[in-house]
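Here the structure is laid out as structure tokens; the discussion comes afterwards.
The values are calculated or read from the model by the stated rules, or taken from the named source; none is laboratory data. In this text the structure is predicted, and so the values were computed from the model without any measurement. Reconstructed Cβ throughout: ideal geometry from the backbone, glycine too, with neighbour counts over all protein chains shown.
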Amino acid sequence: MKKWINYIKLFWYYAVNWNPVLAGFMIWHEIRGERRYGIITSKPAELSTLTITDGDLAQSSRYEAVNYFILEALLNKLRTLTDETSFTDLGCGKGRALVVAAHYGFTRISGVDFAEEVCNIAEIHLQALQKQFPKMEYRLQCRNVLDYDIRPDESVFFLFNPFSDEIISHILEKINISLAQHPRIVYFLYASPKYIDTFFEYEYEPVYRKRKLKWIDAVILKKEG
């Protein structure tokens with residue numbers, strides 16, 4: 001019952017901020033996705049209600065999971081571009097993108113978020129997922145994303161507009177250093193790309209963009225190092 005109450009609240013949030021037709025579309029995909037992947041990640045959370053010991057709340061967004069329709073569209077397209085097996089979610093929240101990525105063949109899963117409660121939920125989801133995909137390895141860190149160390153085997157990154165352009169710029173600087181040390185192709189899956197111009201400043205090239213109505217906007221960006 002509690003889950004359905006959360007769906008109703010989410011429906012009204014979308015309906016008030018956009019329109020009822022769009023709200024129905026999004027909630028249908030929420031219910032379908034949660035059932036398909038066996039996780040509970042729909043309920044939003046304000047940062048003020050979460051335990052955060054390190055991070056700038058003013059440059060971060062509240063927890064809200066990317067819609068399954070958008071996420072699956074990005075991953076479906078990415079799989080036509082690369083067979084890379086690493087997937088890193090910067091601002092992973094409750095782990096939705098990490099879980100879905102595993103279903104798309106990614107076996108080296110990494111996530112970072114600075115809110116303790118959502119990290120704990122992501123850990124539960126990934127522990128359960130490992131029983132389904134025993135070859136999957138995951139790394140989950142509850143810390144400021146600016147302190148996250150980019151590993152040389154990380155090539156696919158995901159963002160659902162969780163940070164300001166300043167933080168994104170810092171992340172891209174760190175990835176540039178990693179690319180200089182370990183040349184490779186890097187992909188960014190960026191949902192609701194509010195700060196896409198920041199990527200252009202770092203010479204990322206858009207290779208796919210998904211747009212639908214006025215609310216869906218997602219892009220895959222690529223850079224060769």
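Structure above, values below:
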{"item": "Selection count, the stretch 18-55, where residues are at pLDDT 85 or above, of a type in the set (Asp, Glu) and not in a helix (DSSP H, G or I)", "result": "1"}
{"item": "Test: residue in the stretch 56-68 that is within 16 Å of Arg96 (Cα to Cα), assigned to a helix (DSSP H, G or I) and among the aromatic types (Phe, Trp, Tyr)", "result": "yes"}
{"item": "Answer from Pro183, Pro162 - the residue that is in contact (Cβ under 8 Å) with a residue 40 or more places away in the chain and farther than 17 Å from Ser61 by Cβ", "result": "Pro183"}
{"item": "Only listed residue being surrounded by 15 or more Cβ atoms within 10 Å (Cβ to Cβ), among the aliphatic types (A, V, I, L, M), in contact (Cβ under 8 Å) with a residue 12 or more places away in the chain and within 30 Å of Gly24 (Cβ to Cβ), chosen from Ile220, Ile175", "result": "Ile220"}
